[in-house]
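Q: What follows is a single structure, and I will ask about it in a moment.
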Amino acid sequence: MEKADDLPKLTRKMCKALGLLPESVSNEAKGAEIIKRTLSNLAQVTKGIAELRGLYGSGYGKDSEYRGLEPRHARLAASCAIAFVDFATETYEKKKSSPKDLS
């Protein structure tokens, strides 16, 4: 991990360590293209959340009148983050219990 790593870079490093990068899926696997696309989209979740935080977060010198996202948008971002973290955690736990799968 580098000090300058942002959320998307950290996500990529974690996905690589867990074997969750699209390129880690064999082309011969059933549904390979769908799995690759889904893994790619999953990794984009953190990029989108980071971008939303930059645009709508209450930091970065915004005044007290600033209004951020609506609650429904915040729930969407939180739900996506939870799905990502749950999947990554379950993958880690599965790999931890099957050391031969760790790369």
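Coordinate-derived values only; no laboratory data. Computed from a predicted model, the values in this text were never measured in an experiment. Cβ placement follows ideal geometry from the backbone for every residue including glycine, while neighbour counts extend to all protein chains displayed.
Q: Are there any chymotrypsin sites (Phe, Trp or Tyr not before Pro) in the stretch 9-97 that are in a DSSP loop and have at most 16 other Cβ atoms within 10 Å? List them by number. Intermediate values should be presented prior to the final figure.
A: Values: sites: Y56, Y60, Y66, F84, F87, Y92; in loops: Y60, Y66.
For chymotrypsin sites (Phe, Trp or Tyr not before Pro) across the stretch 9-97 that sit outside H, G, I, E and B with at most 16 neighbouring Cβ atoms in 10 Å, the list reads Y60, Y66.
Q: Something else: Tell me the relative contact order for the chain as a rounded percent, counting alpha carbon contacts under 8 Å between residues six or more apart. Present the calculation step by step, with values, prior to reporting the outcome.
A: Details: 58 pairs, mean separation 30.3, N = 103.
Contact order relative to length: 29 percent.
Q: GNM on the chain, C-alpha springs below 10 Å: top fluctuator among E23, E65, E93?
A: Comparing E23, E65, E93 in a Gaussian network model of the chain, the most mobile one is E65.
Q: Quick one: order L69, L42 by neighbouring beta-carbon count within 10 Å, fewest to most. Can you show the working numbers first?
A: Working: L69 15, L42 18.
Starting with the residue having the fewest Cβ neighbours, the order is L69, L42.
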